[in-house]
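A short write-up of the structure that comes next.
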Amino acid sequence: MADPDLDFTTGESGASATYPMQCSALRKNGYVVLKGRPCKIVEMSTSKTGKHGHAKVNLVGIDIFTNKKYEDMCPSTHNMDVPAIKRTDYQLVNIAESYMSLMSDNGDIREDLRVPESDIGKEIESKFEGGEEFMLEESELDLKTIQSLSFLFQINQNL
Amino acid sequence: MMMAAVGAPEVITQLESAAKVLMAPPSMVSTEQRQHAEHVFLSFRKSKSPFAICKHILETSKVDYVLFQAATAVMEAVVREWILLEKTSIESLRAFLLTYVLQRPNLQKYVREQILLAVAVIVKRGSLDKSINCKGIFHEVGQLISSGNPTVQTLACSILTALLSEFSSSSKTSSIGLSMEFHGNCKRLFQEDGLRQTFMLTMEVLQEFSRRENLNAQMSCVFQRYLALANQPLLSLYSSFSSYILLLLLLLLLLWALTGGGPLGRHYIAMFEATQNVTLKPTESWREALLDTRVMDLFFSIHRKIREDSDMAQDSLQCLAQLASMHGPVFPDESAQVSYLAHLVEGLLSMINGIEIEDSEAVGISNIISNLITMFPRSVLTALPSELFTSFINCLTLLTCSFGRSAALEEVLDKDDMVYMEAYDKLLESWLTLVQDEEHFPRGCFVQPAIQVFNSYIQCHLAAPDGTRNLSVNGISSHEAEEINELQEDDRELFSDQLSSIGMLGRVAADHCIPLLTSLLEDRVNRLHGQLQRTQQHLMASTDLGSVDRKVLDDLYEDIHWLILVSGYLLADDPQGETPMIPSEVMEFSIKHSTEVDINTTLQILGSPGEKASSIPGCNRTDSVIRLLSAVLRTSEVESRATRASLTELLSPQMGKDIMWFLRRWAKSYLLVDEKLYEQISIPLSTAFGADTEGAQWIVGYLLEKVINNLSVWSSEAELANDTVELLVTLVEKRERANIVVQCEGWWSLAKQFASRSPPLHLLSSSVQRSLMKALVLGGFANMDSDTKQQYWAEVLHPLQQRFLSLINQENFAQISQEEAVKQEIVATLEALCGIAEATQIDNVASLFSFLMDFLSSCIGLMEVYSNTPETINLIIEVFVEVAHKQICYLGETKSMKLYEACLTLLQVYSKNNQSRKRSDATAEEDQYQDLLLIMELLTNLLSKEFIDFSDNDEVFRNQEQGTPASSRTVSAADVVLYGVNIVLPLMSQDLLKFPSLCNQYYKLITFICEIFPEKIPQLPEDLFKSLMFSLELGMTSMSSEVSQLCLEALSPLAEQCAKSQEKDSPLFIATRHFLKLVFDMLVLQKHNTEMTVAAGEALYTLVCLHQAEYSELVETLLSSQRDAVIYQRLADAFNKLTASSTPPTMDRKQKVAFLKSLEEFVANVGGLLCVK
């Protein structure tokens, strides 16, 4: 997921990774592609050149992968790309050599994702090491822990 | 007590070295050293009876800062130990300080001022128990002033200033820990005693100065000797002169506060300080002093002398403005008022006519005029000699036009300090006041002035050659396109005051102004049309939009912009909460000319916006009011045609907004004009726009078509789209208009288009979509036969419901829920629901509530599905917030309960989904903040039912259901709210409380709960109870004073609840005991904001009632810690007095009031004493 040259215009599932939207229809807390990166819109304002000019939209977004800030400005009639974001809950089944086995609601297992090298990754590992049987009992809690990650992973896959 | 201090030299050495540390540059001393030095001074100032040592310091130390601290210590100690001090020693202390300053003319200014401040504080404290005679002080000061020695005079001035600022009870007053009551008493005493004397003394000096300057030439050698002797520049004389004026200004301002009658509330005082525009209302006793024409003459002559010095000129004009606002018992009768005013106006006119006004004088002069026009009764104004009145009005007219031109110049030059703009605003406001009382003045006397002012306003706002817009002094026009952000207000708001006045003047001179606006606008529209056509041809040749010179277009747009704004303000008002009416002047104007008007031609002009007005035969015999509207419609038509010719990019969205704004404002008063509201009605207006007329139908259709066109063409211009949809809401929010709207085909196709979410309406921003939904729902309540109505709802609301239900009922909804198309559908539905809730009115709440309720339960299901999509969760909660906000006040018991249940479930699901959820992305905190804010808003909305309730036992629902018995009540507002708090509390971290809006909303909510459902608090689960109590404590002790006050207000109901339940070991009982100590300490031991005394006092009293034994214990502990027998006794007495009127304390209103009264005395008497600790 940390691959900075990630090309997210090709989607593996065949669904379009992005779709166009007129600037004016974007909204704060929504998503947009800024400088080629998928971002969550944290600020959105308009301005114009001269009293009789046409509106331009100023966008500030935070890269959902790297938390980096991006800004852009464009005429409000223009279309912007919006990343198609899909979120799925997985149940953590196993961790082997830093790779997780994750099971989705319909029983599909994927094993291509690494345990992230972050605090939350450490938490997953420590919870997992607490014992497998125990895990299932606590699945509710752990599922939620992973959720935010799966959120990131899933975008990675689909974009 | 005043014996020489032991070890004085050591103390001085210690203080002087501490001062050295404090004065040293930051790099030379460590933070610890600095803190230590600060501590030295702090404890020095708190030391008991420091008078002898301070005297010693003042006499021996050479370090200014130490002198300053000694003066401060004296001041604080005197107040602290007042009761214990002998009156004679106080008197000798005061005399010592005064002599000290007199003998040392070379003291540093800040030391001198501080010592004089100490003197003033002593005088003030002494005035209360009459131990110091103010008269004596003024006698002394009078002697200083008559000494003729400038140095001594300057000192006298400083003393007066210090006294004034102490006694004025303003923000400048030293805080000496005494109650507002005390400050108020001082002020009253000072008013009776000292104020007039101060005024007389000041006048004396001013007279002397102005005489001296008259004799400038003869005095010059004396002057020079003075200068040589003191080596003082002339400037210092001037500066003392200026401070006299300032002093007087302060004094005049003060007069108002002091003589305003009745006790002044705290807020009133704050307001008084905030505004410069206070008026002078002296008592009768001032008559002799103020009605003396020499006083006013003096100020005019002073101003003439100092007007080139901009600072002093403002002060002296401010004094004149105060005199111009004089009213009340100072005038024995009306004739006195007339001659006073006449003298003032004469003085003013001769001052203005003889000079070229300086920039710095503009605001002051306009203040004088504005004050006299506002304050003097119309009968007094009209009683002026008619020539004088006419010259005054002429002068005002010229001045207004000239300030207007200068204001326009200021705008071109983009000056920071817009003095002429401010002055112009003031004068226009004065015109508004005058013109509104027109009937009191000679008939027609304002018409000519109105024409002049109106013309000059129009001229300043039009481009050359007709106008002077953007022309700088040398006649060169500047044209630069600057970046404008969305925060900048639209001109129609920014200049609304100016435009209201100009509109009003336009009505007064309607005969001139309405035709003028019409011809100017028609001309501009023709030119715009031509220019756009030429551009189109040009484009066909080159196809490059970039090559178009926008200058000509922009100039036309700006002209049209201002013409439409002025027309809008002239033709209609925008009253808040009242029925909008056609202004009487406009109505009369139309009636007056109706005999010369050909109605058919008028209707033809109105009905053919695509044609040039002048090309229609007989166009000179049309109704001017309708013709002006037609001119705006022509503008609108040119715009629409340009969009159809794909020239949208050349158009001005600003002009589009202006058109929408005008039409909305116009429609509110004119469209379907209600003849019953008017005594007389103009035939042209009623024929063109009355109910059941073709004209009204035509225009509704035209407006609707325009709206639809705008919504598709201008979806990218959020503000324009917003103005457009607001016009649509205006058209349907009144049933009569809505009835016509729903007969239009365009309306139905708009509804269908929106319901099917087909382009281009889905490009609109979410807020516009909400308002559009609102309009469509409102339209549905118009008169239609039942088939049509059914069909309408089938077109508008049912698709929403059907699509939504078929989507969420799909078996695989959970799987497809994350697909983009599905998400968009869901979001659009949620937005639409918010819009539907917004359309709630009392007569449609029944059906809308039922409709929305069905959705609410489905929404809760969505909470599960989208639990990992924060923005959707946010929107779902928002739907609930809107429904509760708009509908709860109309709902009867059973309906409310349904809503409570739904909200409760929502909160349960939210809570379940958020337990132990961890998100690591950057916006997690912000998302949570949004959720919590919305939840608290929801809870507050639900609570609001407890005090705003329009429901009448399901009255509005009577036809719908057979009443469910009320006893089956299962969920109460309290349950939902407490459950909600249960969710909110654990999530409220101290970090989140740093968001001010969240913090305020949170404390508002918990205070509401404590006040409304105190009985529920003891039943809370332990954890929740604890965190609630902790929140209260936190809010009381470490938040803003507003929050602190809220928390204190929450305590009384809690204590009362405890008293009711009589459980001695309940957690609430124990918690209130803790709060007793907190509030006790806060009131008795800590320096607290005096504003809080009442809230804290009420809390303390109920807590004392509850915990009498603990309270006695607290008092005992405090007393036993006092080693000084005198202080002990004073404290003991004070505590006895405090509870004397309420023993034994019971929760009885009368006793509580008595307690609060004693508490104020208590704080005044011993508050300062205990702060010593």
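The values are calculated or read from the model by the stated rules, or taken from the named source; none is laboratory data. Model, not experiment: these values are computed from the prediction. As a convention, Cβ positions derive from the backbone with ideal geometry for all residues, glycine included, and neighbour counts pool all protein chains shown. For accessibility, only protein heavy atoms count, side chains too; no ligands or nucleic acids. Shrake-Rupley method; radii C 1.70, N 1.55, O 1.52, S 1.80 Å.
Numerical summary
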quantity: Residue in region B:815-828 that is polar (S, T, N, Q), more than 24 Å from B:Ser896 (Cα to Cα) and in contact with a Leu (Cβ under 9 Å, 6 or more places away or on another chain) present; calculated: yes
quantity: Failed item, numbered, when B:Ile808 is tested on (1) closer than 15 Å to B:Leu848 by Cα; (2) touching a Gly at 6+ places or on another chain (Cβ under 7 Å); calculated: (1)
quantity: Subset of region B:813-844 (residues that are within 14 Å of chain A (Cβ to nearest Cβ), open to solvent by 40 Å² or more (accessible area, probe 1.4 Å) and part of a loop (DSSP other than H, G, I, E, B)); calculated: B:Glu819
quantity: Residues of region B:443-464 classified as under 15 Å from B:Leu570 (Cα atoms) and open to solvent by 50 Å² or more (accessible area, probe 1.4 Å), total; calculated: 1
quantity: Single residue of region B:564-600 satisfying the filter (under 20 Å from B:Asn620 (Cβ atoms) and in a loop (DSSP other than H, G, I, E, B)) that is nearest to the chain's Cα centre (by Cα); calculated: B:Val597
quantity: Single match in B:Leu685, B:Leu711, B:Leu672 (criterion: under 26 Å from B:Ser767 (Cβ atoms), in contact (Cβ under 8 Å) with a residue 60 or more places away in the chain and not hydroxyl-bearing (Ser, Thr, Tyr)); calculated: B:Leu711
quantity: Residues satisfying the stated conditions in region B:465-480, i.e. at pLDDT below 80 and open to solvent by 80 Å² or more (accessible area, probe 1.4 Å); calculated: B:Val473, B:Asn474, B:Ile476, B:His479, B:Glu480
quantity: Residues of region B:88-108 classified as within 18 Å of B:Lys62 (Cβ to Cβ) and out of contact with any Ser or Thr (no Cβ under 9 Å at 6 or more places or on another chain), total; calculated: 6
quantity: Any helices (runs of 4 or more DSSP H) falling wholly within region B:1-115 and containing at least 2 residues that are farther than 24 Å from B:Val141 by Cα; calculated: B:8-23, B:31-46, B:51-60, B:64-80
quantity: Residue identified as polar (S, T, N, Q), out of contact with any His (no Cβ under 8 Å at 6 or more places or on another chain) and either under 20 Å from B:Phe376 (Cα atoms) or in the same structural domain as B:Asp417 (by the TED database) (or both) among B:Ser316, B:Ser339; calculated: B:Ser339
quantity: When residues of region B:681-725 are limited to those that are acidic (Asp, Glu) and part of a helix (DSSP H, G or I), the one nearest to the other protein chains (Cβ to nearest Cβ); calculated: B:Glu719
quantity: Qualifying residues in region B:1099-1123 (those that are over 16 Å from B:Val1079 (Cβ atoms) and in contact with a helix residue (DSSP H, G or I) (Cβ under 9 Å, 6 or more places away or on another chain)) - the one least open to solvent (accessible area, probe 1.4 Å); calculated: B:Leu1119
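Here is a yes/no grid of residues against (1) open to solvent by less than 10 Å² (accessible area, probe 1.4 Å); (2) part of a loop (DSSP other than H, G, I, E, B):
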| site | (1), (2) |
| --- | --- |
| B:Met326 | yes, yes |
| B:Ser335 | no, no |
| B:Leu344 | yes, no |
| B:Met351 | yes, no |
| B:Glu356 | no, yes |
| B:Ala362 | yes, no |
| B:Glu387 | no, no |
| B:Gly404 | yes, no |
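The rows are residues; the columns are (1) more than 7 Å from every other protein chain (Cβ to nearest Cβ); (2) hydroxyl-bearing (Ser, Thr, Tyr); (3) surrounded by 19 or more Cβ atoms within 10 Å (Cβ to Cβ).
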{"site": "A:Tyr19", "(1), (2), (3)": "no, yes, no"}
{"site": "A:Cys39", "(1), (2), (3)": "yes, no, yes"}
{"site": "A:Gly50", "(1), (2), (3)": "no, no, no"}
{"site": "A:Val57", "(1), (2), (3)": "yes, no, yes"}
{"site": "A:Thr66", "(1), (2), (3)": "yes, yes, no"}
{"site": "A:Lys69", "(1), (2), (3)": "yes, no, no"}
